[in-house]
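Please read the structure below before turning to the comments.
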Amino acid sequence: MRANSQRVLLVLRFILGGIFIYASLDKIHHPAAFAEAVYNYKILPAYLIDSTAIVLPWLELVIGLCLILGLWLPGASFLSSLLIGIFFVAILFNAARGLDVHCGCFSTSNSTTHGAPMGWYLIRDGLFLVLAGYLCFRVLRGKRRAF
Amino acid sequence: MLRQLGLQVLWQVIGILFLGIALGIVVNQVRSDGLSMVGDWSPEAQLAIEPGKTLVIGLDEAQQSFYSKRAVFLDARSPESYQEGHILGARNLPFEEANKYLNAAMCNIPKDSLIITYCDGEGCSLSKDLALELFYMGYDNVRELIDGWNLWKEHGLPTKKGTSPE
């Protein structure tokens, strides 16, 4: 049982860590395009757009590396849930006000054809949120026992 | 026990935030295509093709070109929105399906003619994206009328319903 549950944790860490690292790479590569994607969400004030675009991808990379390498797991799993939660709310907010943004989640390329519908982003992000929330819960519960 | 765990999470969160922010800023300083920390996201700056030259056109000028028939108006919104009402004479070139509509919409428009793109709402980026796209395709005289459809209606200028421009 115990070994099994440890394996689940490990798999979860690798999945989420992989998602975070994968999501960060294209944004790191194309800062201007990512800034445009942040702008298109029309949530942040203009003076925060560029600093967000500069910092966020690296934050995602650090979180992803921590998750995979098993470093600072409580903090990394907590931050991953928090970030995915924020993204989820941002997409939900824009869906609610009828703004169809290209989400810029994994790729900064802004194709001229219709992107995936907002509903799909919400379902995908909701799934990530459940995974991250569960990982965070498991890590923190394990740690609590250890203290 | 809980407090200890909370503190541990807090310190790690601070550590990760610090690392991410530091890496982001340092790499941004070093790389050649780095961004400025506070960018200019005004419509004029976004449509600036070179310092001091922007693709934005004001309503007065757009209106003059409309009455003198010097300009071609392009509606960058969806065909549904276009049908519900558009600037009289405007052609529909939905930016999101630009590839599909481009040839039909741009036929017999010379590269140097005045083209005015518009969509609905100040936040609508379709007409901006369309204007930039056309500019880079070689249409040197393309302009964007920001919030064009709203402005046009507010000022009681000629509009038309249905699928045909006029």
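The values are calculated or read from the model by the stated rules, or taken from the named source; none is laboratory data. What you see is a predicted model, and the numbers here were worked out from it, not measured in a lab. Note that each Cβ is placed from the backbone with ideal geometry, even for glycine, and that neighbours are counted across all protein chains shown. The protein model used for the area step is the full one, side chains on, heavy atoms only, and it has no ligands, DNA or RNA in it. Shrake-Rupley method; radii C 1.70, N 1.55, O 1.52, S 1.80 Å.
Restricting to region B:108-131, what's the tally of residues that are at negative phi and within 11 Å of chain A (Cβ to nearest Cβ)? Give the steps one after another, and end with the answer.
The initial filter retains those residues of region B:108-131 that are at negative phi, namely B:109-120, B:122-131.
Pick out the ones that are also within 11 Å of chain A (Cβ to nearest Cβ) and you get B:122-126, B:128-130.
Going through region B:108-131 one residue at a time, the tally reaches 8.
Residue pairs whose Cβ atoms lie under 6 Å apart, separated by 6 or more positions or on different chains, with the first residue in region A:37-49 and of a type in the set (Gly, Ala, Ser) and the second open to solvent by less than 20 Å² (accessible area, probe 1.4 Å) and not in a helix (DSSP H, G or I), are A:Ala37/A:Gly104; A:Ala37/A:Thr108. Residues in region A:64-89 that are of a type outside the set (A, V, I, L, M, F, W, C) and more than 8 Å from chain B (Cβ to nearest Cβ) were compared, and the one that is farthest from A:Ile15 (Cα to Cα) is A:Gly85. Looking at region B:99-107, is at least one residue among the hydroxyl-bearing types (Ser, Thr, Tyr) and either outside any helix (DSSP H, G or I) or away from chain A (no Cβ under 14 Å) (or both)? Looking for residues that are among the hydroxyl-bearing types (Ser, Thr, Tyr) and either outside any helix (DSSP H, G or I) or away from chain A (no Cβ under 14 Å) (or both), one finds none in region B:99-107, hence no.
Of all residues in region A:14-63, how many are assigned to a helix (DSSP H, G or I), charged (D, E, K, R) and within 11 Å of chain B (Cβ to nearest Cβ)? I'd like the intermediate steps shown before the answer.
The first filter runs over region A:14-63 and keeps only residues assigned to a helix (DSSP H, G or I), leaving A:14-29, A:31-41, A:46-63.
With the extra rule that they be charged (D, E, K, R), the set shrinks to A:26-27, A:36, A:50, A:60.
Retained after the next criterion (residues that are within 11 Å of chain B (Cβ to nearest Cβ)): A:27, A:36, A:50, A:60.
Of the residues in region A:14-63, 4 are assigned to a helix (DSSP H, G or I), charged (D, E, K, R) and within 11 Å of chain B (Cβ to nearest Cβ).
Only one entry in B:Tyr101, B:Tyr118, B:Tyr82 is hydroxyl-bearing (Ser, Thr, Tyr) and without any contact (Cβ under 8 Å) to a residue 40 or more places away in the chain, namely B:Tyr101. For the residues B:Leu19, B:Leu74, the requirement of being over 17 Å from A:Ala53 (Cβ atoms), open to solvent by 40 Å² or more (accessible area, probe 1.4 Å) and not in a loop (DSSP other than H, G, I, E, B) singles out B:Leu19.
Restricting region B:28-47 to residues that are of a type in the set (A, V, I, L, M, F, W, C) and at the interface with another protein chain (Cβ under 7 Å from one of its Cβ atoms), which is most open to solvent (accessible area, probe 1.4 Å)?
Step one: list which residues in region B:28-47 are of a type in the set (A, V, I, L, M, F, W, C), which gives B:30, B:35, B:37-38, B:41, B:45, B:47.
From the residues that got through so far, the ones that are at the interface with another protein chain (Cβ under 7 Å from one of its Cβ atoms) too are B:35, B:37-38, B:41.
Numbers: B:Leu35: 30, B:Met37: 71, B:Val38: 92, B:Trp41: 37 Å².
Among them, the one singled out is B:Val38.
Of the candidates B:Gly6, B:Gly24, the single residue that is modelled with pLDDT of 95 or more and within 12 Å of chain A (Cβ to nearest Cβ) is B:Gly24. What do you reckon, is B:Ala62 in a helix (DSSP H, G or I), open to solvent by less than 20 Å² (accessible area, probe 1.4 Å) and either within 14 Å of chain A (Cβ to nearest Cβ) or hydrophobic (A, V, I, L, M, F, W, C) (or both)? Considered against the rule, which asks whether it is in a helix (DSSP H, G or I), open to solvent by less than 20 Å² (accessible area, probe 1.4 Å) and either within 14 Å of chain A (Cβ to nearest Cβ) or hydrophobic (A, V, I, L, M, F, W, C) (or both), B:Ala62 comes out as yes.
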